[in-house]
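Trainee: Dropping the structure in here first, questions after.
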Amino acid sequence: MQSVFACLLSLTLAAVTLCRAQNVLTKQEAAAGWELLFDGKTTNGWRSPSVDEFPDECWRVEDGFLTAPGGGKRLSDLGTAGTYRNFELSFEWKISQGGNSGVKYLIGDFLKGAIDQRKILAANAQPGPNSVFVEWARGFEYQIIYDERHPDKDNPKTRAGSLYEMVAASEAKPRLPGELNQNRGL
């Protein structure tokens, strides 16, 4: 694998937020060589899967969080502009009720064959004004959902905290919608 993405945020029609408003490295993290991927204020260092720019029609910075509100004509993953090897990822997240998202990693070369682009059509299965363009990259995904109100709750390998469809999550339950969760070690 030529390169590895440390973080790719995946969106599936619901709101997800990542990182804190006052997002800074501690002195110990900086001394240990950690790199801050999101500053809590700007979209610097983040991009779409298919073009080297931030997909602002799908994502925004709101109250110190990267937020994907959903409901638009386009849905897109969000990837780091940099590539990383031998990394440990630490991140914080919160989800909305019914939310479904994730953090993908070990994506490989982001622009060479790892992108799926599809149209989700309106209920009548015909292209039209209600069609939504969806863009995402394939990779390992740390599942982020609100288990109690999502169909994936019935499968241990698709619940919050699982390695999506591969490894079941631990017994630890994520916090309620709107509450901050912390994860480390991907």
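The values are calculated or read from the model by the stated rules, or taken from the named source; none is laboratory data. Values in this document were obtained by computation on a predicted structure and should not be read as measured data. Methodologically, a virtual Cβ is constructed for each residue, glycine included, from the backbone with ideal geometry; neighbour enumeration extends over all protein chains shown.
Trainee: Please go through (1) under 18 Å from A160 (Cβ atoms); (2) in a loop (DSSP other than H, G, I, E, B) for W93 and return the number of the only condition it doesn't satisfy.
Mentor: (2)
Trainee: Against the definition (modelled with pLDDT of 80 or more and more than 23 Å from I145 (Cα to Cα)), how does G82 come out, yes or no? Lay out the reasoning, then the answer.
Mentor: Working: modelled with pLDDT of 80 or more: yes; more than 23 Å from I145 (Cα to Cα): yes.
Against the criterion (modelled with pLDDT of 80 or more and more than 23 Å from I145 (Cα to Cα)), G82 qualifies.
Trainee: Scanning for something at pLDDT 80 or above, β-branched (V, I, T) and not in a strand (DSSP E or B), does region 153-163 turn up at least one residue? Walk me through it before giving the result.
Mentor: Going residue by residue through region 153-163, those that are at pLDDT 80 or above are 154-163.
Those still in the list that are β-branched (V, I, T) too: 158.
Add one more test, that the residue is not in a strand (DSSP E or B), and what stays is 158.
Yes, some residue in region 153-163 is at pLDDT 80 or above, β-branched (V, I, T) and not in a strand (DSSP E or B).
Trainee: Return the residue satisfying two criteria in turn: it lies in region 25-37 and is surrounded by 11 or more Cβ atoms within 10 Å (Cβ to Cβ) and not charged (D, E, K, R), and of such residues it is modelled with the lowest pLDDT.
Mentor: Start the filter on region 25-37 by keeping residues that are surrounded by 11 or more Cβ atoms within 10 Å (Cβ to Cβ), which leaves 25, 29-30, 34-37.
Retained after the next criterion (residues that are not charged (D, E, K, R)): 25, 30, 34, 36-37.
Values: L25: 84, A30: 87, W34: 87, L36: 89, L37: 90.
Residue satisfying both the conditions and the ranking: L25.
Trainee: Take the residues in region 160-178 that are closer than 30 Å to N86 by Cα and in contact with a strand residue (DSSP E or B) (Cβ under 7 Å, 6 or more places away or on another chain); name whichever of them is surrounded by the fewest Cβ atoms within 10 Å (Cβ to Cβ).
Mentor: Our first condition is that a residue be closer than 30 Å to N86 by Cα; within region 160-178, this holds for 160-175.
Narrowing the set further to residues that are in contact with a strand residue (DSSP E or B) (Cβ under 7 Å, 6 or more places away or on another chain) leaves 160-164, 174-175.
On the way: A160: 26, G161: 19, S162: 22, L163: 16, Y164: 21, P174: 21, R175: 14.
The selected residue is R175.
Trainee: Can you tell me how many residues in region 38-66 are buried (at least 18 other Cβ atoms within 10 Å of the Cβ) and either of a type outside the set (S, T, Y) or not in a loop (DSSP other than H, G, I, E, B) (or both)?
Mentor: Within region 38-66, residues that are buried (at least 18 other Cβ atoms within 10 Å of the Cβ) and either of a type outside the set (S, T, Y) or not in a loop (DSSP other than H, G, I, E, B) (or both) number 11.
Trainee: Among what's in region 67-92 and is surrounded by fewer than 19 Cβ atoms within 10 Å (Cβ to Cβ) and touching a Gly at 6+ places or on another chain (Cβ under 7 Å), pick the residue that is nearest to Q182 (Cα to Cα).
Mentor: Selected residue: E88.
Trainee: All but one of (1) of a type outside the set (G, A, S); (2) farther than 29 Å from T26 by Cβ; (3) in a loop (DSSP other than H, G, I, E, B) hold for E88; state the number of the condition that does not hold.
Mentor: (2)
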